[in-house]
């Protein structure tokens, strides 16, 4: 009777019997558990090792990525990350194709990076496939704008404003300022429009620089809203608690700030910061591929490929109507703020201390007696003047 682990070695057709063979304690016949064919010569030279399964890996792998290509991928990853630029598989693949004449799939590059410990797993991160991507169909169809903060080496805080084309992600204008205000926002918009033409619409958040519709109180347009309305440009604002609406310009600012922090010489003045911004914008627009664009094109290529659209809205179709109460002062004037500028409207001293209603439709204003309903004055505001005279000839000089 043979016990467990025994094996037979005949001269030919070697086989190994594993388990129990023979009779058990109760006299029943036991069967072999497994019989495996073994090469006699392999057993003669290797002993029991011949019974273990050997590797099936081929001696050569002609389709494997060459070692020098693997080294190039890891080197590009390090170089891009050190200067604060995107160093993902798509960007590395673009640089391999355009600068090194090497073509690798995104999956191959990702496997190389993972094997070398260059990828940090984020299993809890929301997959990008769950988001609904949207973009303008043509250049200048929509411009996005936002501003962010950056601290100088002196400790002073600065603000950087960005105008970004929604279709191509082209950085139309990026500039640094001590503080972003409405006039600065409008000036930068004009500078971008002078170079690239006016857009059909703008998309921003609801900060007071861009809109006053959530400011409460009188709720009139600020200077930026008035200018966009005058140009026939549709102004769009994101809804509260919907951060992805302005995600394109916010992701751009995140990449920009990562690049700024990676620079060895940090800016000490606004001039130094603007010089760094100009360098980054040139790289972003002309030398950095964008994974969301067709064929991983650069923003400059995508912006110039399709024909541009422009403003086609009719300013008369979108009016801002409001009603406010007031009281004529002792000089015969009432005040009205339009576009962030306070205007004094002359009504006449004979109506001093009269309670009135203002019916305002953009620049067209009617002043009505709140008690009798009498129309006291109707005019179109001249935005260039603070005082809006009655137009009547002046009375005799006082003695």
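No other residue among 80, 76 is under 20 Å from residue 290 (Cβ atoms) and out of contact with any helix residue (DSSP H, G or I) (no Cβ under 6 Å at 6 or more places or on another chain) apart from 80.
This table checks each residue for (1) modelled with pLDDT under 75; (2) out of contact with any helix residue (DSSP H, G or I) (no Cβ under 7 Å at 6 or more places or on another chain).
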| position | (1), (2) |
| --- | --- |
| 34 | yes, yes |
| 87 | no, no |
| 101 | no, yes |
| 106 | no, no |
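Do you know which of the residues in the range 191-205 that are exposed (fewer than 15 other Cβ atoms within 10 Å of the Cβ) and free of Cβ contacts under 8 Å to residues at least 60 places away in the same chain is nearest to residue 223 (Cα to Cα)? Checking each candidate, the answer is 191. Considering only the range 135-184, state which residues are in a helix (DSSP H, G or I) and either more than 16 Å from residue 211 (Cβ to Cβ) or out of contact with any helix residue (DSSP H, G or I) (no Cβ under 6 Å at 6 or more places or on another chain) (or both). Correct list: 183, 184. Evaluate the range 145-157: report whether one residue or more is more than 24 Å from residue 297 (Cα to Cα) and outside the structural domain of residue 280 (by TED's automatic domain parsing). Looking through the range 145-157, none of the residues is more than 24 Å from residue 297 (Cα to Cα) and outside the structural domain of residue 280 (by TED's automatic domain parsing).
Can you find a residue that is buried (at least 20 other Cβ atoms within 10 Å of the Cβ), within 14 Å of residue 144 (Cβ to Cβ) and in contact (Cβ under 8 Å) with a residue 60 or more places away in the chain anywhere in the range 176-190? Checking the range 176-190: not a single residue is buried (at least 20 other Cβ atoms within 10 Å of the Cβ), within 14 Å of residue 144 (Cβ to Cβ) and in contact (Cβ under 8 Å) with a residue 60 or more places away in the chain. Meeting the requirement of 1 or more residues that are closer than 22 Å to residue 90 by Cβ and either over 15 Å from the mean Cα position of the chain (by Cα) or at pLDDT below 85 (or both), the helices (runs of 4 or more DSSP H) wholly within the range 214-290 are 247-261, 270-286. Taking the range 279-295 as the range and being over 18 Å from residue 199 (Cβ atoms) and crowded, with 17+ Cβ neighbours inside 10 Å as the test, the residues that pass are 280, 281, 284, 288, 289, 290, 293.
Of all the listed residues (331, 325, 380), the sole one being under 44 Å from the mean Cα position of the chain (by Cα), surrounded by fewer than 18 Cβ atoms within 10 Å (Cβ to Cβ) and more than 24 Å from residue 230 (Cα to Cα) is 325.
Can you spot a residue in the range 297-318 that is at pLDDT below 80 and in contact with a strand residue (DSSP E or B) (Cβ under 6 Å, 6 or more places away or on another chain)? Checked against the condition, which is being at pLDDT below 80 and in contact with a strand residue (DSSP E or B) (Cβ under 6 Å, 6 or more places away or on another chain), the range 297-318 yields at least one hit.
Rundown of residues vs (1) in contact (Cβ under 8 Å) with a residue 24 or more places away in the chain; (2) assigned by TED's automatic domain parsing to the domain that holds residue 248; (3) loosely packed, with under 13 Cβ neighbours inside 10 Å, yes/no style:
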residue	(1), (2), (3)
71	no, no, yes
81	no, no, no
90	yes, no, no
139	yes, yes, no
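The values are calculated or read from the model by the stated rules, or taken from the named source; none is laboratory data. What you see is a predicted model; the values in this text were computed from it and never measured. Glycine also receives a Cβ, built like all others from the backbone with ideal geometry; neighbour counts cover every protein chain displayed.
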